[in-house]
Amino acid sequence: MITIGFIGVGIMGMPMAKNLIDENYKVIAYDIDDKALNEIVDYGATKTKSNKKVADKSDLILTMLPDSSDVEEVVLGEKGLIEGVKQGQTLIDMSSITPLVTQKISKKLEAKGVEMLDAPVSGGQEGAEKGTVAFMVGGKKKVFDKYKDILKIMGGSVILVGDIGAGQTTKLVNQVIVGINIAAVAEALTLGKKAGVDPEKIVKAIENGLAGSQCLEDKAPRMLNGEYDPGFKIKLHVKDLNNVLKTTRELNTSMPLTSQIMEMMQSLINEGYDEKDHGGIGLFYEKLNNISLKNMN
């Protein structure tokens, strides 16, 4: 089997790396968080001391990092992957970043004879743990075909959506739809509660109709139970929406609903809810309407 370098073993990267180890892949790991790095080493990975060292010792390199600047630093910074990569290697970046940064990094790697796929995911921590996240992949088909089976170890859906950067664009689309859907669930359940109808019964009545969605299925119970452990943290969704809004400015695209959702989430962060699940938009509507969505029965 090939040796896989894995950089970024946080809330998403940790279970994904563990899934690879469970399939007997040799994993070379690095993270700036020593505690996280030691955990994955205890699970069976080999420890390295820098991003460059990961490139030195790996055939395939995977990254799962917080944002665009982090990926740029890991790949192009001092002791970055760019200093250790060899012709014929491939980088698959599973982070959620802007398409333009992905394309910039890809060009730098291409000059070194290194291929790249951008493969952001949707599905949150639970999906990462179960190996059921959805991969949205951009890049060359021949590179995608070569590594598709490895991605399938970590994901339930692995789809090539276009050239390099297309995966990131698709993830931005995903985050727009998810954010607006969560807000719609919270807003609608607030109406029902204000009208004196049990929100739990409303959910049961509509979940198999056109209003039914994965957002309704996953986020409504959080709102009705007042339980907002992530999941997917509000601060990470705000990061993704920041990338959406940066991209809209580059493309001169008007997205008023996205801007509204961004304001809601930013308001929650200002109140200290940044570590809560993004279903915490329900808390925004509770405060706005002086009502609790929590089921008191």
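The values are calculated or read from the model by the stated rules, or taken from the named source; none is laboratory data. These numbers were taken from a predicted model, which means no experiment stands behind them. All Cβ positions, glycine included, derive from the backbone under ideal geometry; neighbour counts span all protein chains shown.
Regarding LYS108, is this residue more than 17 Å from the chain's Cα centre (by Cα) and at negative phi? The answer is yes for LYS108. Do the conditions hold for SER69, that is, is it in contact with a Lys or Arg (Cβ under 9 Å, 6 or more places away or on another chain), surrounded by fewer than 23 Cβ atoms within 10 Å (Cβ to Cβ) and among the hydroxyl-bearing types (Ser, Thr, Tyr)? Judged against the criteria, SER69 is not a match.
In region 187-203 there is no residue that is under 30 Å from ALA166 (Cβ atoms) and out of contact with any Asp or Glu (no Cβ under 8 Å at 6 or more places or on another chain). State whether one or more residues within region 9-25 are among the polar types (S, T, N, Q), over 21 Å from the mean Cα position of the chain (by Cα), within 22 Å of PRO120 (Cα to Cα) and not in a loop (DSSP other than H, G, I, E, B). No; the residues of region 9-25 include none that is among the polar types (S, T, N, Q), over 21 Å from the mean Cα position of the chain (by Cα), within 22 Å of PRO120 (Cα to Cα) and not in a loop (DSSP other than H, G, I, E, B). Checking ASP31, ASP56, ASP22 one by one, the residue that is acidic (Asp, Glu), in the same structural domain as GLY156 (by TED's automatic domain parsing), in contact with a Leu (Cβ under 9 Å, 6 or more places away or on another chain) and farther than 26 Å from GLY162 by Cα is ASP31 and no other. For region 191-206, the criterion of a residue being in the same structural domain as LEU257 (by TED's automatic domain parsing) and within 21 Å of ILE105 (Cβ to Cβ) is satisfied by no position. The residues on offer are LYS47, LYS86, and the sole one that is within 18 Å of ALA111 (Cα to Cα) and without any contact (Cβ under 8 Å) to a residue 60 or more places away in the chain is LYS86.
Screening region 194-267 for helices (runs of 4 or more DSSP H) wholly inside it with 1 or more residues that are surrounded by 13 or more Cβ atoms within 10 Å (Cβ to Cβ) and within 20 Å of the chain's Cα centre (by Cα) returns the ranges 214-225, 234-251. Among the residues of region 105-151, those that are outside any helix (DSSP H, G or I), in contact (Cβ under 8 Å) with a residue 12 or more places away in the chain and surrounded by fewer than 17 Cβ atoms within 10 Å (Cβ to Cβ) comprise LYS112, GLY113, THR132, LYS140.
Scanning region 81-100 for residues that are among the acidic types (Asp, Glu) and under 12 Å from the mean Cα position of the chain (by Cα) yields a single hit, ASP93. Looking only at region 88-145, which residues are in contact with a Gly (Cβ under 7 Å, 6 or more places away or on another chain) and within 22 Å of SER69 (Cβ to Cβ)? Passing the criteria: PRO99, THR102, GLN103, MET116, LEU117, ASP118, ALA119, PRO120, VAL121, MET136, GLY138. Residues in region 268-294 that are over 20 Å from LEU191 (Cα atoms) and not in a helix (DSSP H, G or I) were compared, and the one that is farthest from the chain's Cα centre (by Cα) is GLU271. Selection of region 243-297 for residues being without any contact (Cβ under 8 Å) to a residue 12 or more places away in the chain and under 23 Å from PRO99 (Cβ atoms) yields THR248, ARG249, LEU251, ASN252, THR253, SER254, PRO256.
Each residue in region 152-168 was checked for being farther than 19 Å from LEU109 by Cβ and part of a helix (DSSP H, G or I), and 3 of them qualify. Only one entry of LEU160, LEU172 meets the criterion of being crowded, with 20+ Cβ neighbours inside 10 Å and free of Cβ contacts under 8 Å to residues at least 60 places away in the same chain, and that entry is LEU160.
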